[in-house]
1. Tell me which residues, restricted to region 155-183, are closer than 13 Å to residue 206 by Cβ and assigned to a strand (DSSP E or B).
2. In the set 293, 277, which member is within 28 Å of residue 235 (Cβ to Cβ) and either outside any loop (DSSP other than H, G, I, E, B) or in contact with a helix residue (DSSP H, G or I) (Cβ under 9 Å, 6 or more places away or on another chain) (or both)?
3. When the residues of region 184-195 are filtered to those that are surrounded by fewer than 18 Cβ atoms within 10 Å (Cβ to Cβ) and assigned to a loop (DSSP other than H, G, I, E, B), which remaining residue is nearest to the chain's Cα centre (by Cα)?
């Protein structure tokens with residue numbers, strides 16, 4: 001009996017200890033491996049008050065420009081940090097593609113200044129105070145709207161000035177008298193101030209391509225002083241008439257992509273050196289163009305593509321290239337356009353007409369060309385029809 005009571009007491013004690021251990025285990029927080037914890041909620045989009053735009057406004061110029069690029073340390077103490085001074089070319093200052101907002105101070109030793117492809121909007125005289133020996137200035141592809149009148153008075157030796165692809169509205173004033181090339185294409189020029197080209201007797205190239213010049217902007221005295229001008233480019237403007245007062249020294253005259261419909265009969269009289277004339281993409285027709293207006297002994301290349309001609313205008317025996325594609329020509333008569341009589345015996349073929357290239361595609365012609373064309377123009381190497 002006593003043994004049974006002892007066994008029962010032992011079993012009771014064992015059950016009580018097991019219950020205590022079980023309760024202790026359940027009261028402890030289970031451990032988790034790293035990364036297996038409860039995932040934090042992902043915050044939703046930030047609410048923006050109704051009075052505030054959900055998008056920040058775009059930054060305005062000049063804050064949207066990238067920062068200027070500084071050049072490496074130079075052996076020249078006067079070299080601006082935003083430029084590069086090549087020891088091999090001490091007379092050149094390279095500041096192109098540097099994200100510049102203004103022209104740095106130019107050292108007096110510099111002859112060649114490269115400032116193209118920047119963000120310059122104004123050219124002031126202070127930068128050129130010491131640059132009296134400049135020969136070449138390239139300011140192309142900037143955002144220039146204004147050039148101080150005193151700038152070019154500081155650089156009397158300047159020969160080449162490149163200002164294409166900017167935002168100029170008129171030709172700069174007070175240009176150096178020794179200037180030989182002036183490039184102003186792809187601006188917004190609609191005004192040439194009186195006397196803008198005064199005393200520029202050395203200017204050989206004037207490029208005004210792709211501007212906003214009209215007939216009223218080109219007076220008879222606009223080009224009066226350009227007595228040595230060789231190339232004049234007035235293509236892609238808004239001209240309706242042939243420009244007046246073109247210097248007789250001219251060799252290349254480019255008037256493509258205007259709205260010119262008429263050419264005065266005596267327009268080219270006195271042009272003893274005119275060799276290249278481009279009048280593509282205009283409104284020229286047989287009615288507005290005298291038959292023999294292009295019969296110039298100096299003319300070598302005549303381009304009349306994309307006009308309204310119905311017949312081939314007369315030309316001189318010295319002409320070598322003739323572009324008449326994309327007109328309204330229906331037939332071609334070699335006897336009529338031949339500068340010489342087809343019955344003439346040249347003896348020496350070099351004495352015959354010099355035409356080498358003839359383009360007639362885009363008209364109402366069908367090959368082959370009449371035999372009299374081949375009989376007259378024996379130097380023809382290429383005919384496009």
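Rule-based calculations on the coordinates, nothing more; no lab input. Quick caveat, the model's predicted, so the values are computed rather than measured. Note: ideal-geometry Cβ built from the backbone for every residue, glycine included; neighbour counts use all protein chains shown.
1. Looking only at region 155-183, we keep the residues that are closer than 13 Å to residue 206 by Cβ, and these are 160-164, 171-172, 175, 179-183.
Scanning region 155-183 gives 160, 161, 162, 181, 182, 183.
2. Details: 293 fails: either outside any loop (DSSP other than H, G, I, E, B) or in contact with a helix residue (DSSP H, G or I) (Cβ under 9 Å, 6 or more places away or on another chain) (or both).
Testing whether each residue is within 28 Å of residue 235 (Cβ to Cβ) and either outside any loop (DSSP other than H, G, I, E, B) or in contact with a helix residue (DSSP H, G or I) (Cβ under 9 Å, 6 or more places away or on another chain) (or both) leaves just 277.
3. Taking region 184-195 as the starting set, the residues that turn out to be surrounded by fewer than 18 Cβ atoms within 10 Å (Cβ to Cβ) are 188, 190-191, 193-195.
Narrowing further to those that are assigned to a loop (DSSP other than H, G, I, E, B): 188, 190, 193-195.
On the way: 188: 12, 190: 18, 193: 24, 194: 27, 195: 27 Å.
Among residues in region 184-195 that are surrounded by fewer than 18 Cβ atoms within 10 Å (Cβ to Cβ) and assigned to a loop (DSSP other than H, G, I, E, B), the one nearest to the chain's Cα centre (by Cα) is 188.
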